[in-house]
Amino acid sequence: MDVAAGLALLVHSINFIMPLYLLLTGKAPWKKHTAWFFSLFVFWLLTWANPCYHVVNGTVSFHNATVSEVFPSVLWIYFWSLGVFNGIYWFYASANVRLKQPLHKLSKLPIFQKLQETSWVGKLWLIVPPYLCLFAQWTDMQATGVNMLDLYNPWFTDSNYTVWLYQPVNPYFQALGDSLMLWVIAAFVFRTPWWHRVLIVYLAFTLFFLEAWRYRTILTALGILVHYAWNFKSKEAWKPILLCLVFGYITLFATNNRWHIAHRNFDEITLNPIGIGIEEALVKQTNNFVTDAALYKFVSDSSGIHDLGQSTFGYSLYRFVPRSFFQNNDKGTPPIIEAQKQSIGKTGEVTEIGAHTNIVEYWFGFGILGSILIMLFLAMLLAHLNFDLSNRKNRMSIIAVLILVFQVITRGFTPQHIELLLFLSIPLSGIWLLISDKNSTIKTVD
């Protein structure tokens, strides 16, 4: 085992031991700090547990890159960035401040107050738009030759009929699947009619699985389970633990079977949570660390050149500009994506070579100081999400943040996160503006 990397891992563990102490001693109730604890759990998987596996097992290379020599350097970047993240979060959270939601102010305007008095408007917003999202995606698929009758036919098992390979005619129609996640969760948070919950779960989850959109499957399940976990008493620790186990099983089931379902090889579906092996299920699915290490080594070998935020912020500015405005309809490749490919000698799509953590994305743009400062800013935002859980609209806001946090940490590419935020804002805006606080109250327990 590399002693330097082992020492860095040991020191980095402080970033998780201290929050765990605050949780177990009751100084940081998990209900009040849901987003923080969730983000730390994801960070623990990607920046401690996964690196621990590679350090202990003596991993040397990743694809065509020799990465073991930079493991300590990457781990120290993790340590300082998360150390500041935790410190700033706890400093602001201890002050018990709350973010003033702009949507809450808008909802008090006379026009929205009148709409909220008409309860059927809010009910329609919860029920009709999710089917419109599905219809938009179905229409886009149909335009590329996908037969909707075959899509939902369980007896249609042609393995060559792979929906996940289709190229969308309108990418924004496909992106509405992100909005659909929040609408499915809202069906449970606001207790829409049982028939709607059953139908929308069947239609949405079938589409997510057949499109191989694993993150949509996992995060939709997460939102529903977190809503129910908030209803448990703080002393009933076994109930949240049970839900964590259920969520873990759903995650592993989606990981094990995503390609079997996408290829319609239904007879190969396995209920064994580690049917593809522990290494495949738990290590390769959280392998951001070696991708980070490869990029770090590439930049270091290139005289430490950073892109000064061109990928993180610059590319975000014209991501939504139609391709027709660019020469040959080509927007170009963001520097971090190009560097990612070159770092391991690949020329294929990004999905073939893994993803970075957000920490190393910020480091690629501005170095260690930039990573620390941006993590400081994110901590300040999370610390202000001290919302009253007796309001269903507040619950939806926090769940939207959990979805965004997961993608931010596991997929270090800010332009994608901004797009996700915009599509999550569609259902969330209507929920805040069209549903009254009276119809959003829910009984909570301590």
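The values are calculated or read from the model by the stated rules, or taken from the named source; none is laboratory data. What you see is a predicted model; the values in this text were computed from it and never measured. Virtual Cβ from ideal backbone geometry, glycine too; neighbours counted across all protein chains shown.
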>> With the requirement that a residue be under 19 Å from LEU420 (Cβ atoms) and either modelled with pLDDT under 70 or out of contact with any helix residue (DSSP H, G or I) (no Cβ under 8 Å at 6 or more places or on another chain) (or both), what does region 314-329 give you?
In response: GLY314, LEU317, TYR318, VAL321
> Among the helices (runs of 4 or more DSSP H) confined wholly to region 329-431, which include 2 or more residues that are over 20 Å from the mean Cα position of the chain (by Cα) and closer than 26 Å to TRP76 by Cα?
Replying inline: 335-343, 358-383
> Does LEU376 count as in contact with a helix residue (DSSP H, G or I) (Cβ under 9 Å, 6 or more places away or on another chain), of a type outside the set (S, T, N, Q), surrounded by fewer than 20 Cβ atoms within 10 Å (Cβ to Cβ) and modelled with pLDDT of 95 or more?
Replying inline: yes
>> ASN287 - would you say it is out of contact with any Cys (no Cβ under 6 Å at 6 or more places or on another chain) and closer than 20 Å to THR66 by Cα?
In response: yes
> Looking at (1) under 19 Å from ASN439 (Cβ atoms); (2) of a type outside the set (A, V, I, L, M); (3) surrounded by 18 or more Cβ atoms within 10 Å (Cβ to Cβ); (4) at pLDDT 85 or above, which is the one condition that is false for GLN116?
Replying inline: (4)
> Applying the selection to region 188-219, what residues are within 22 Å of PHE266 (Cα to Cα), assigned to a helix (DSSP H, G or I) and not aliphatic (A, V, I, L, M)?
Replying inline: TYR202, PHE205, THR206, PHE208, PHE209, ARG214, TYR215, ARG216, THR217
> Of the residues THR410, THR414, which is within 12 Å of LEU219 (Cβ to Cβ), among the hydroxyl-bearing types (Ser, Thr, Tyr) and either outside the structural domain of ARG191 (by TED's automatic domain parsing) or at pLDDT 90 or above (or both)?
Replying inline: THR410
> Can you tell me which residues in region 114-140 are in a helix (DSSP H, G or I) and free of Cβ contacts under 8 Å to residues at least 60 places away in the same chain?
Replying inline: LYS114, TRP120, LEU124, VAL128, LEU132, CYS133, PHE135, ALA136, TRP138, THR139, ASP140
